[in-house]
Amino acid sequence: MTVSFKVFATVYYSIIGWFLLTGFLSFNGYDFYFLTLLALTIMGLEGLGCSLLVIKLSKKLKTIQAPPDEIRREDDVLLQGTPFISAILFFYLTTLTSDIWAKVTLGLSIVLFTGTFYVLRAIAKIKSLPKYRFASMFFLVYLGMCVIYEIVVLVFPAFFPSFLTLPPIIQVSTIAGLGITVFLPSALVGLYFPRRYGVRATIFKKRV
């Protein structure tokens with residue numbers, strides 16, 4: 001695979017810029033900003049890696065479009081069950097932690113993503129729009145994975161008490177690395193559900 005000079009130059013100078021910026025932050029005592037930038041970088045690379053992996057797998061996945069009656073049954077089950085399950089998650093997860101910021105983050109995530117899913121799925125059912133079904137599944141899977149990620153982050157120190165004694169850079173890197181639980185399933189949504197619903201996601205347009 002050949003790489004154009006522009007792509008090479010962009011990647012090269014991005015790497016140089018990252019090292020210069022992180023070095024400046026680290027050596028000048030801006031530890032919070034440095035760790036935040038490190039976490040965002042790790043998560044960005046995870047997202048990019050998962051997307052590239054899914055693109056590679058797109059040629060090998062053999063998935064056929066689901067029949068209309070099966071899709072309608074799926075609509076009914078998801079529209080009836082998802083709000084109920086989300087309400088239970090909202091109640092229990094907000095009682096698991098005493099941290100106000102964690103409660104606000106979990107609460108807003110569950111409410112916003114569940115509401116978005118429900119509206120998109122309802123429109124898809126009423127108007128029989130496959131693209132809206134695909135979009136609704138992305139929000140549903142992303143919500144589920146974010147909740148799992150939050151639970152893992154909350155209980156991780158309880159299972160590994162020595163984790164809290166590690167240097168902050170290792171703690172942040174580990175927590176950011178656990179973000180794979182969100183990025184990989186979310187990327188797989190763009191591979192499986194467009195074929196199931198009979199639509200083409202833009203990223204796979206030339207491959208599906």
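Quick look at the numbers
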read-out: Sum of side-chain charges, residue 79 neighbourhood, beta-carbon under 10 Å (Lys, Arg +1; Asp, Glu -1); value: -1
read-out: Förster radius 45 Å - calculated FRET efficiency between residue 60 and residue 162, Cβ distance, rounded to 0.05; value: 0.65
read-out: Segments 173-180, 80-87, 63-70, 42-49 sorted - mean Cβ within 10 Å per residue, highest first; value: 173-180, 42-49, 80-87, 63-70
read-out: Prolate/oblate/rounded label for the stretch 27-116 (Cα gyration tensor, a/c 1.5); value: oblate
read-out: Karplus (6.51, -1.76, 1.60) ³J(HN,Hα), θ = phi - 60°, over the stretch 126-132, in Hz, Gly and Pro reported as x; value: 5, 9, 6, 10, x, 5, 6
read-out: Cubic angstrom per residue, convex hull over Cα atoms of the stretch 51-208; value: 131
read-out: Environment charge at residue 92 (Cβ cut-off 13 Å; Lys +1, Arg +1, Asp -1, Glu -1); value: 0
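Every number in this text was worked out from the coordinates using simple rules, so none of it is lab data. None of the values given here were measured: they were computed from a predicted structure. Cβ sites come from the backbone with ideal geometry, for glycine too, and all protein chains shown count toward neighbours.
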